[in-house]
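Heads up, the thing below is written out as structure tokens.
The values are calculated or read from the model by the stated rules, or taken from the named source; none is laboratory data. From a predicted model like this one, the values you see are computed outputs, not experimental measurements. Because the Cβ atoms are built from the backbone with ideal geometry, glycine has one as well, and the counts that use them run over all protein chains shown. Only protein heavy atoms, including side chains, enter the accessible area calculation; ligands, DNA and RNA are left aside. Shrake-Rupley method; radii C 1.70, N 1.55, O 1.52, S 1.80 Å.
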Amino acid sequence: MKPKNVVVLMGGVSPEREISLRSGNAVAKALTDAGFRVSIIDVKDEKIEELDQGERDVAFIALHGYFGEDGGVQQLLESKGIPYTGSGVQASKLAMDKLATKICFVEAGLKTPDYVTVTEFQELNEIQREIMRIGMPVVLKPIRNGSSIGISIVKDIGDLYIGLKKAFEFGYEVLVEKYIKGRELTVGILDDRALPIIEVRPAMEFFNYDAKYKDNRTEYLTVEKAGDQHGNESGISHFKTGFLPSSLYAEAQELALHAHRVLGCRGFSRVDILMDGMNALYLLEVNTIPGFTEKSLLPKAAKAAGISFSSLCEKIVDLAFQNALVSVPEIIQH
């Protein structure tokens with residue numbers, strides 16, 4: 001039994017609305033090409049009354065940020081009995097909350113950059129003392145936001161106020177993370193398997209919103225495996241961009257899969273990892289609804305595994321439908 005009618009939810013009420021519209025339109029076209037009967041809902045509120053009309057086998061969630069990745073729309077769909085793509089309510093909440101994600105990683109013994117949290121209710125000198133516990137430079141991140149919105153790198157304590165002001169625009173609490181200089185890797189997860197690794201080379205200092213969606217100079221490289229014999233005696237990596245030793249490649253994929261499972265994700269996700277100059281891997285975050293635009297990383301990873309964009313979208317729908325069938329409690333007939 002396969003689903004036939006798919007509704008694509010896109011747009012939404014978060015600052016990532018425009019990216020979501022691009023993702024949703026791309027998904028709708030891919031699913032139409034795959035033979036599904038596709039309808040589209042441009043989500044403009046948290047009620048989505050349009051869901052009560054028509055036949056819905058599966059809802060494909062292409063919403064990013066608030067009421068997309070945070071468990072809100074998932075909870076609504078469950079209340080309406082509509083199967084949906086991606087992770088469930090609790091996993092979505094955990095992954096969207098950067099602090100909750102950090103705590104899960106630490107409790108599971110997974111390596112992640114040192115961090116502290118600060119709030120806008122603290123005095124600046126108190127915040128400075130907190131930050132000096134992990135040392136400069138640091139990365140400031142709003143606790144709940146996606147697409148690197150509100151993020152900045154602070155290298156000097158004198159620049160802290162500007163970075164905090166920017167981050168506090170998106171919430172009263174900010175995650176302050178030790179800055180790790182290194183290579184930016186991302187691992188897509190599909191059906192509980194790690195896809196080929198993609199390395200991101202932003203022309204800017206880091207992979208922020210502009211680098212993701214506006215800067216055409218950003219490079220995306222499918223990482224190739226190399227022999228393990230190229231390091232030097234100090235252990236510092238001499239591997240050029242786009243290559244990883246086979247053992248480190250496997251380690252990164254396993255780390256990503258572990259992170260996906262620790263948060264309780266299902267179906268698919270994208271896990272972001274940093275690798276420093278000593279080949280140490282650091283988990284950054286898990287994206288339960290990564291982008292589906294022409295520049296998005298999960299589709300690039302799938303393509304490297306021989307999975308077309310249309311096939312990727314179809315697989316995600318099938319996984320959602322299968323999960324719904326398994327989740328339906330058996331009716332005991334007397």
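For the reader, a short list of remarks on this structure follows.
- Single residue of 59, 91, 100 found to be within 28 Å of residue 281 (Cα to Cα), outside any loop (DSSP other than H, G, I, E, B), open to solvent by less than 70 Å² (accessible area, probe 1.4 Å) and touching a residue at least 40 places away in the same chain (Cβ under 8 Å): 91
- Residue match in region 71-80 (condition: open to solvent by less than 70 Å² (accessible area, probe 1.4 Å) and under 20 Å from residue 283 (Cα atoms)): no
- Looking across region 8-50, the residues that are of a type in the set (Gly, Ala, Ser) and in a strand (DSSP E or B) come down to 11, 39.
- Residues within region 142-189 that are open to solvent by less than 20 Å² (accessible area, probe 1.4 Å), closer than 30 Å to residue 303 by Cβ and part of a strand (DSSP E or B), tallied: 5
- Against the numbered list (1) in contact (Cβ under 8 Å) with a residue 60 or more places away in the chain; (2) open to solvent by less than 30 Å² (accessible area, probe 1.4 Å); (3) of a type outside the set (S, T, N, Q); (4) not in a helix (DSSP H, G or I), residue 105 comes up short only at (4).
- Only listed residue being crowded, with 21+ Cβ neighbours inside 10 Å, modelled with pLDDT of 95 or more, more than 25 Å from residue 58 (Cα to Cα) and not β-branched (Val, Ile, Thr), chosen from 312, 298, 283, 274: 283
- Residue pairs meeting the criteria (Cβ under 6 Å; at least 6 apart or on separate chains; first under 20 Å from residue 15 (Cα atoms) and modelled with pLDDT under 90, in region 150-162; second among the small types (Gly, Ala, Ser) and open to solvent by less than 20 Å² (accessible area, probe 1.4 Å)): 150/167
- Selection within region 315-334: residues that are aliphatic (A, V, I, L, M) and at pLDDT below 95. The member of this set that is farthest from residue 113 (Cα to Cα) is 332.
- Options 306, 264; residue that is without any contact (Cβ under 8 Å) to a residue 60 or more places away in the chain, surrounded by fewer than 22 Cβ atoms within 10 Å (Cβ to Cβ) and on the phi > 0 side of the Ramachandran plot: 306
- Matching residues in region 14-42 - criterion: being farther than 19 Å from residue 308 by Cα, among the aliphatic types (A, V, I, L, M), in contact with a strand residue (DSSP E or B) (Cβ under 9 Å, 6 or more places away or on another chain) and open to solvent by less than 60 Å² (accessible area, probe 1.4 Å): 21, 41
- Hits in region 245-261 (condition: open to solvent by 20 Å² or more (accessible area, probe 1.4 Å) and in contact with a Lys or Arg (Cβ under 6 Å, 6 or more places away or on another chain)): 246
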